[in-house]
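Asks: Next up is a structure, given as structure tokens.
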Amino acid sequence: MNLDLFADSPDSKSLVTRPSLEAVLARMREWMAQPNSPIRAIRQQPARPGSYADFPQNLQPALRQMLETRGIGNLYSHQADAYHRVTAGSNVTVVTPTASGKTLCYNLPVLDTLLGDSNARAFYLFPTKALAEDQLHEFKAAVDAMGSGIRAFTYDGDTPQDARKAIRERANVAFTNPDMLHSGILPHHTKWAKFFENLQYFVIDELHYYRGVYGSHLANIIRRVKRICEFYGSRPRFICSSATIANPKELAESLIEEPFELVESSGAPAGEKYVVFYNPPVVNAQLGIRRSYLHETKRIAEEMISRDQQTLVFCNNRLATEILITYLKDACERGLAPKGTIRGYRGGYLPRERREIERRLREGEIRGVVATNALELGIDIGSLDAVVMAGYPGTIASTWQRSGRAGRRQNTSLAVLVASSAPLDQYIVEHPEYFFGQSPESAHINPNNLEILVNHLKCAAFELPVKDGEKFGPHETEKLCRFLGELGLLHHSAGAWHWTSDTYPADAISLRAVTSDNFVVIDITGEPKVIAEVAFPAALVELHEKAIYLHEARQYQVEKFDYDQRKAFVRQVECDYFTDAIDYTQVKELERFEEAPQAEALAAHGEVRVNRQIVGFKKVKFYTLENVGAGQLSMPEQEMHTTSFWLHFPEQFLERFPDLSPAQKLNGLSGLGNAMRAIAALLLMCDPRDLGLAITEDIAQGQKSFEPDLYLYDNYPGGIGQSGPLFQLRGKLLAATLQLITACPCESGCPSCVGPAGDTGDGAKQAAQRFLIGLMSEIIPRTE
């Protein structure tokens, strides 16, 4: 039987006249019952009634009247709970599903306070400008409905210079983002003196967004905020909201370094939702190659739109977004939908264009939108019928946020996840019970990373002198200030360290990288112009000579890589391949923090030194991912101290597998590392690129035996706090990796498990499976 879900069969054509979502679901259930069905799961989330609470008795009458006028006669129970905790003086984190009214959890106490005290001030921090604009629109609508004099404005890079002074002096609430707070507000705090003197609330929306490097930077920015508040005599309460993650309270307390109370029981009603996992059919079983996930996403989206279902398609990168917009607009030309009713939505669009798309979505004029994660966050786009996700978003939290964009007005909705061939996608789609269980993801940060800490200490000293004995967060500052003094940046005088350099430290710090030593990309196709800036570690991989650099879906070949001047000169080309760097990495253990010795294996985490050199590159064809060429390189070796989790394989462990040659054992370890990195990214809620992978071929001291180590290290200088949690989760890591490899239908390795057989070598999949089974008996009994 043809397992093509939306093939032009008589059955599928007859469904077009049936009611929309019900027809699609009926078709999906039919296919799911067939052998080797691409439908891997259909889960129903039943409609949920609401749990309500009366308005607080001490709520300002104008605020109560405004809510009642807008049809809100009472609060959801979690909104009332958050209000009471905040007004009692606590810092609060709210963790409830998408469209559950989290915004009112912080707007209610803030508006209540502002109505009673016209001098009160509040900062609202959002990860994107678009979300800040959307929330400002909602906030102002509430203020206008009350007829109050509360003044709220966005303050970001788009704010006109001539409006900034008025905003600083007049605003009760400033809506901003971490970048602007870091470089545009804190260094100029004297212009915000009245604001900081009266600052009562600091709201951080989308808390789960701040993890890894970005979160580590934000924690240090908050240290600077609190330091300035102390100078001006204020102590704001912090209100955070987050998508569902495993450790929201812990994350908030790590970021703010104060106790928090958690509100996590949602009282909001929810409409019925169906979540479908779709794995594109295998077209080459031996190589594990599946049908293109973008093509399958297009077909499913077309099916929804043709049934008059307002549909949102999410892509994980800009290139995929533009490809799918092209496909769906071409379908419009063939009569799928009226012209102009399919739109794109991503970061590069102008604010006016984004606002227009959001409005037309709310009003039902647009039938389909293809978006990046720019629409994942809480922007109000009204009621959608269906969401189709082209590829797993990377975390369970993001997947639920995206699926929550459908059915936001309590109507029945459908969310479809179309898996790519990436190992992470394949694990999720083939193990739906993992996804639908309680979210196992935790968000981790390391605000004490020395590079990040010192950079923000520079900013703190620029903002206010660092007094003798003063701490920055929990850290003593004397030694660090002396170090900066030796560099000529600080000078000690009158019991404090003063900034003496003529540089502006905040400008030199990227919040999305540990170091600020970036490369500039210069397009020399015509008149030379700067088109991008690339972080130092990524530049060595992406900008080496002869590399194909992708930018805005255009391809550029790197003509010259100027290491000393930190510049790469590129020329636009048309080619059907991209490049993938080949590196040689050596890892050396420096200090072992913790270990779990077993009978014949060892798991540990600690500090390591990583020496890495780019020695060549591969040319990889688009879509087919064929290796179509290679080249050699001679790049400078890079050294980095970081933290790592590792597994040690002693001789007696490897002797269990006498039928495997030394080369097959190495192949198995290589494949094992590839699969482990994908699962580690899932457990740590990080990008797989945040974790480096290396296999060190150690020779045991005093003998010739082969005893390798497999390292998963933090791919940032100083580490970002991932190796410790990974060590604690080693049992889950190994068990899930074994599940991933075992469930994959390929014969000898593919991109969905241990990597393509051509890359990992002969017998990699089978050897990796056997190693894992052996490790399970060693590691798991002592874990958890």
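Asks: Size of the stretch 175-332 along its principal axes in angstrom, Cα-based, largest extent first?
Replies: 65, 39, 35
Asks: Just to confirm my numbers, what's the Cα centroid distance between the stretch 530-597 and the stretch 303-366 in Å?
Replies: 33 Å
Asks: I would also like to ask the following. Kirkwood Rh, the stretch 242-313, all Cα pairs: how many Å?
Replies: Values: mean 1/r = 0.0588 Å⁻¹.
After inverting the mean inverse Cα-Cα distance, the result is 17.0 Å.
Asks: Quickly work out the Asp687-to-Ala26 label distance, labels modelled 7 Å from Cα along the C-beta direction, and quote it in nm with one decimal.
Replies: Between Ala26 and Asp687, the label points sit 4.5 nm apart.
Asks: Give me the tail of P(r) for the stretch 569-620 as a percent: Cα-Cα pairs with distance above 14 Å.
Replies: The proportion of pairs with Cα distances above 14 Å equals 71 percent.
Asks: Less than 13 Å apart at the alpha-carbon level, and either on another chain or at least 8 residues along: which aspartates and glutamates does that give for Lys560?
Replies: Partners within reach: Asp523, Glu542, Glu545.
Asks: Can you give me the solvent accessible area of Lys471 with a 1.4 Å probe, rounded to the nearest 10 Å²?
Replies: 110 Å²
Asks: Let me ask something else about it. Going from most exposed to least, what order do Val615, Val587 have by accessible area with a 1.4 Å probe?
Replies: Val615, Val587
Asks: Run the Debye formula on the Cα coordinates of the stretch 643-691, all scatterers equal and no solvent, and tell me log10 I(q)/I(0) at q = 0.16, 0.21, 0.25 1/Å.
Replies: The Debye formula, applied to the Cα set alone, gives -0.57, -0.81, -0.95.
Asks: Additional query: Could you tell me the convex hull volume per residue, in Å³, taken over the Cα atoms of the stretch 436-486? Could you put the intermediate results ahead of the total?
Replies: On the way: hull volume 5.3 nm³, N = 51.
For the stretch 436-486, the hull spanned by Cα atoms encloses 104 Å³ per residue.
Asks: How large, in Å, is the stretch 412-456 by the Kirkwood hydrodynamic radius built from its alpha-carbon pairs?
Replies: By the Kirkwood definition, the hydrodynamic radius is 14.0 Å.
Asks: What order do Lys665, Lys165, Lys194, Lys621 take when sorted by accessible area (1.4 Å probe), most exposed first?
Replies: Details: Lys665 35, Lys165 125, Lys194 100, Lys621 70 Å².
Putting Lys665, Lys165, Lys194, Lys621 in descending order of accessible area: Lys165, Lys194, Lys621, Lys665.
Asks: At 1.4 Å probe size, with the rest of the protein present, what percent of the exposed accessible area of the chain is carbon and sulfur atoms?
Replies: 48 percent
Asks: What per residue convex hull volume, in Å³, comes out for the stretch 544-646 when only alpha-carbon positions are used? Provide the component values of the computation, followed by the final result.
Replies: Numbers: hull volume 16.8 nm³, N = 103.
Spread over its residues, the Cα hull of the stretch 544-646 gives 163 Å³ apiece.
Asks: Assign unit charges at the C-beta atoms only (+1 for Lys and Arg, -1 for Asp and Glu), then state the dipole size of the stretch 250-341 relative to its Cα centre in Debye, rounded to the nearest 20.
Replies: Its charge dipole is roughly 1000 debye.
Asks: Translational diffusion coefficient of the chain at 10 °C, 1.306 mPa s, Stokes-Einstein with Kirkwood Rh over Cα pairs, in µm²/s as a whole number.
Replies: Value of D from the Cα-based Kirkwood radius: 56 µm²/s.
Asks: Quick one: accessible area per residue over the chain, 1.4 Å probe, rounded to a whole number of Å²? Kindly include the intermediate steps, with their values, before the conclusion.
Replies: On the way: 32320 Å² over 784 residues.
Dividing the accessible area of the chain by its residue count gives 41 Å².
Asks: Once you charge only the Cβ atoms, +1 for Lys and Arg and -1 for Asp and Glu, what is the size of the charge dipole of the chain about its Cα centre, to the nearest 20 debye?
Replies: For the chain, the charge dipole is close to 1900 debye.
Asks: Find the relative contact order for the stretch 74-148 and round it to a whole percent, using C-alpha pairs within less than 8 Å whose residues are 6+ positions apart.
Replies: After rounding, I find 23 percent.
Asks: As a test of reading the structure, rank Ser242, Ser748, Ser118 by solvent-accessible area (1.4 Å probe, protein chains only), most first. Mind dumping the intermediate values first?
Replies: Values: Ser242 0, Ser748 40, Ser118 85 Å².
Result, largest first: Ser118, Ser748, Ser242.
Asks: Read phi for every residue in the stretch 759-776 and hand back ³J(HN,Hα) as whole Hz from Karplus 6.51 cos²θ - 1.76 cosθ + 1.60, θ = phi - 60°, with x for Gly and Pro.
Replies: Per-residue couplings from phi come out as 8, 8, x, 5, x, 5, 5, 5, 5, 4, 4, 5, 4, 5, 4, x, 5, 4 Hz.
Asks: What value, in deg cm²/dmol to 500, does the helix sum -39500 (n - 2.57) over DSSP H runs of n ≥ 4 give at 222 nm once divided by the residues of the chain?
Replies: Details: 25 runs with 277 residues, N = 784.
Here the helix-only value at 222 nm equals -10500 deg cm²/dmol.
Asks: Let me know the shape class of the stretch 642-749, please: from the alpha-carbon gyration tensor, a ≥ b ≥ c as square roots of the eigenvalues, rounded when a/c is under 1.5, otherwise prolate if a/b is greater than b/c, or oblate.
Replies: oblate
Asks: Then there's this: What aspartates and glutamates could a cross-link reach from Lys467, if we take a straight Cα to Cα line under 20 Å and drop same-chain neighbours fewer than 8 places away?
Replies: Cross-link targets: Glu230, Glu476, Glu478, Glu486.
Asks: Given the chain, what percent of its DSSP beta bridges are antiparallel, to the nearest 5?
Replies: If I count the DSSP bridges inside the chain, around 60 percent turn out antiparallel.
Asks: Got the relative contact order for the chain handy, in percent, Cα pairs under 8 Å and 6 or more residues apart?
Replies: Numbers: 1581 pairs, mean separation 88.4, N = 784.
Across the chain, relative contact order equals 11 percent.
Asks: Arg164 accessible area, nearest 10 Å², 1.4 Å probe?
Replies: The accessible area of Arg164 comes to roughly 40 Å².
Asks: Determine the alpha carbon to alpha carbon distance for each of Lys298/Lys329; Lys546/Lys619; Lys546/Lys567; Lys273/Lys732; Lys129/Lys249 and list only those over 19 Å.
Replies: Where the Cα-Cα span goes over 19 Å, the pairs concerned are Lys273/Lys732; Lys129/Lys249.
Asks: Roll a 1.4 Å probe over the protein heavy atoms and report the accessible area of Asp330 in Å², nearest 10.
Replies: 80 Å²
Asks: Mind pulling up the Rg/Rh value for the stretch 18-63? Radius of gyration and Kirkwood radius, both on Cα. Mind showing how you got there, number by number?
Replies: Working: Rg = 21.6 Å, Rh = 15.0 Å.
Rg/Rh for the stretch 18-63 comes to 1.44.
The values are calculated or read from the model by the stated rules, or taken from the named source; none is laboratory data. In this text, all values refer to a predicted model and were calculated from it rather than measured experimentally. Virtual Cβ from ideal backbone geometry, glycine too; neighbours counted across all protein chains shown. These area figures cover heavy atoms from the full protein model, side chains too; ligands, DNA and RNA do not enter into them. Shrake-Rupley method; radii C 1.70, N 1.55, O 1.52, S 1.80 Å.
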